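Read the figures in this text as sums done on the coordinates, not as results from a lab. Remember, predicted model here, so these are calculated numbers, not experimental data. Please note: Cβ atoms are built from the backbone with ideal geometry, for glycine as well, and neighbour counts cover all protein chains shown.
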Amino acid sequence: MGSLPVVLLHAFPLNRELFAVQHQALSEAGHRVLTPDLRGYGGNRTQSLPSAESLDVMADDVASLLDSHGIDRAVIGGLSLGGYVTLAFLRRHRDRAAGLVLMDTRASADDAQGRAVRLAFADKVDSAGVGWIPEAMMAGLLFDPTSEQQAQVRSWILAANPAAVAWTQRAMAHRADTMGLLGSFEGPVLVVVGEQDALTPPAMALAMAQACADAQLVQIPGCGHLSATQKPDEVSLSILDWLGQHATDFAMR
């Protein structure tokens, strides 16, 4: 097929297992797929975290990952936190992003209230660990979830490194608005959102898509924030269809 590699970056505070279904589906279709653990999560749970909290660190880690695999350019995408890191990657390594996949995320920065909530969350993790997080977050992550989906997400959260969770929340609180950056990107963009996503609702997805020069918006019915887990087959098909539609574009970029 000769297609560009695809990198998918997981949500907070989870790990690369979020994209297990998509990794298999895209790989079976002939795509080279990388689904790394972000710094501090999963297989990178013990990776050191700098004192300055910034998503640029994770974006640069993605660039280093491409280097380690001998990859010059790729389709870069992510869900929620993974989308924030994708946009940070675009700002710092634009020439290496041939296309973007933005799932249940936003390009706007947090307002003052949103930042305060994140910082309070980080402070509580510092003092109480991560055991309280599943109950606090589950309703926002999944719409009408099955018990299996709840158990899976709970296990991912409880496996997270508390230091990484607090660090990431502070980094997300300080992230810049990237709507203008997204609007200046000329490559293809796929925006995916669960129709019942209460954290980054369809209106935010629509705003991102409208800001892009070349964007496709896919809304997934009966789906909350963690679309890759709640509707994994639909997300896989959306990405595969979009990659197929833009095969020629990617070959030229």
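Numerical summary
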read-out: Net charge of Cβ neighbours under 13 Å - reference Arg39; Lys, Arg +1; Asp, Glu -1; value: -3
read-out: Rounded to 10°, Cα long-axis angle of helix 162-173 versus longest principal axis of the chain; value: 60
read-out: Among Ile76, Ala139, Ala203 - extreme Cα towards positive end, dipole of the chain, charges at beta-carbon; value: Ile76
read-out: Under-5 Å amide H pairs with Glu195, H placed in peptide plane, nonlocal only; value: Ile220, Gly222, Cys223
read-out: Residue-by-residue Karplus 3J(HN,Hα) for segment 205-217, coefficients 6.51, -1.76, 1.60, Hz, glycine and proline x; value: 5, 4, 4, 5, 4, 5, 6, 8, 6, 8, 10, 10, 9
read-out: Using θ = phi - 60° and Karplus 6.51 cos²θ - 1.76 cosθ + 1.60, couplings along segment 148-160 (whole Hz; Gly, Pro as x); value: 5, 5, 4, 5, 5, 5, 4, 5, 5, 5, 5, 7, 6
read-out: Semi-axis lengths (Å, descending) of the ellipsoid that matches the C-alpha gyration tensor of segment 1-141; value: 27, 17, 15
read-out: Fully extended contour minus Cα-Cα distance, from Ala213 to Asp177, at 0.36 nm per residue; value: 11.2 nm
